[in-house]
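Beneath this line is the structure, given in structure tokens, with notes to follow.
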Amino acid sequence: MKLHLVDRRSCNNYSFSVSHHKYPSLLKVWHYHPEIELVLLIKSTGTRFVGDSIETFVPGQLVLLGENLPHMWLNAPEYYTRDSKREAEAIAVHFKLDFLGSEFLHAPELFKVADLLKRARQGMLFNKPTKEIKNIMKELLYCQGVERLSKLLMLLNILSNTTAYEYLSSEGFINSFNQKETNNLKKVYEYIFKNFDEPIQLNKVAEIARMNPSAFSRFFKKIHKKTFTRYLNEIRIGYACKLLMENKHKILAVCYDSGFTNISNFNRQFKLIRGMTPSQFQKFYKLNHTNQYVEPISATGSFAKEEEYKEKY
């Protein structure tokens, strides 16, 4: 899975971009960009890759991704069939950290917003954003001028005071990915994400990093505060959780599809990392998870007309 740099620069003389995406599927590319990304999922399900996180995404979720954080939105397989009538819909905001000038976020009034954007380097999931947050995201589609800017700042201010969120990527991944001269490490991450469902040997990973195995193990543990084996198991268990949440696979199949070679080790690692067995996790998810749904927006362009928006909402 090669990592791509994607151009998300704003156009039309705007300091930031707001886009209404309505396509058969989302962008199936493992990529990064210097712009901060804020995405509200309206319609669509699948798997979200952020840094070293693999999780299922559902409608209604709001995700904030910091600058240069690798990510990918991969829809469920049924979205890619030739006769599929499914649709992926989202509102996305992209802006650079200095989109209002290098000193703007240093203002005392924006201390919390600056802290929010710093925390976003790991990726943040707001699983149940409020109605106010969703409405502002929708309003950004037709606002212009000062109103457009003020609504974005208002939105960031609300999020900066929100405690109901979770980090997506590990701090170790972010620290190592942002280090200079880490091209070999980037290749290691690409290799892991492409092959985590297959046997992975430490010697092969160390070879990619151009280190001997013992030196790589020490280096990796220093960065991630965990062994390479533990890190790999967490990636695999994250993917296993995604399969269990889909409720389409038997636990034995999930075990092998996640890269484990025997069910006893899979169960042991799952309980060690998640604090419960795979079957307990599946039952817990069924009992506690309710998909949120945000009513689709009718506009098909990047900016909806205000009259059309108000008539619908």
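Any read-out appearing in this document is the output of simple, stated calculations on the displayed coordinates, not a laboratory observation. Since we're looking at a predicted model, the values are computed, not measured. We place every Cβ from the backbone using ideal geometry, glycine too, and count neighbours over all the protein chains shown.
Which pairs in the list Lys28/Lys225; Lys131/Lys225; Lys194/Lys250 are over 29 Å apart, alpha-carbon to alpha-carbon?
In this structure, Lys28/Lys225; Lys131/Lys225 exceed 29 Å between Cα atoms.
Using the Karplus curve 6.51 cos²θ - 1.76 cosθ + 1.60 with θ = phi - 60°, what ³J(HN,Hα) values do you get for each residue of segment 41-56, in whole Hz, with x for Gly and Pro?
7, 9, 9, 1, 9, x, 10, 9, 9, 9, x, 9, 9, 10, 9, 6
D for segment 40-87, whole µm²/s, Stokes-Einstein with Kirkwood Rh over alpha-carbon pairs at 4 °C and 1.567 mPa s: what number?
Stokes-Einstein gives a translational diffusion coefficient of 110 µm²/s.
With r as the distance between the Cβ atoms of Phe219 and Arg119 and R0 = 35 Å, compute the FRET efficiency 1/(1 + (r/R0)^6) and round to 0.05. Let's see the in-between values first.
Working: r = 26 Å, r/R0 = 0.74.
Computed FRET efficiency for Arg119 and Phe219: 0.85.
Mind giving me the FRET efficiency for Ile273 and Asp197? R0 is 22 Å, r the Cβ-Cβ distance, nearest 0.05 is fine.
E between Ile273 and Asp197, to the nearest 0.05, is 0.85.
Once the Cβ-Cβ distance between Lys28 and Leu252 is put in as r, and R0 is 35 Å, what FRET efficiency do you end up with, to the nearest 0.05?
0.75
With only alpha-carbon atoms counted, please give the Rg and Dmax of segment 4-169, in Å.
Calculated on Cα positions, Rg and Dmax stand at 15.5, 54 Å.
Which far-off residues, 5 or more places away or on another chain, put their amide H under 5 Å from the one on Thr56, with H placed in the peptide plane?
Arg48
Kindly write out, for segment 145-162 in residue order, the coupling ³J(HN,Hα) from the Karplus curve 6.51 cos²θ - 1.76 cosθ + 1.60 (θ = phi - 60°), rounded to whole Hz, with x marking Gly and Pro.
Result, ordered by residue: x, 4, 4, 4, 5, 5, 5, 5, 5, 4, 5, 5, 5, 4, 5, 5, 9, 8 Hz.
Points 7 angstrom from Cα along the Cβ direction at Lys186 and Met154: gap in nanometres?
It works out to 3.9 nm between the two label points.
What pairs in Lys187/Lys242; Lys43/Lys85; Lys226/Lys271; Lys96/Lys118; Lys22/Lys134; Lys96/Lys151 have C-alpha atoms more than 19 Å from each other?
Beyond 19 Å: Lys187/Lys242.
Taking 0.36 nm per residue of sequence separation and subtracting the Cα-Cα distance, how much length would be gained by fully extending the chain between Arg86 and Thr163, in nm to one decimal?
Gain in length upon complete extension: 24.4 nm.
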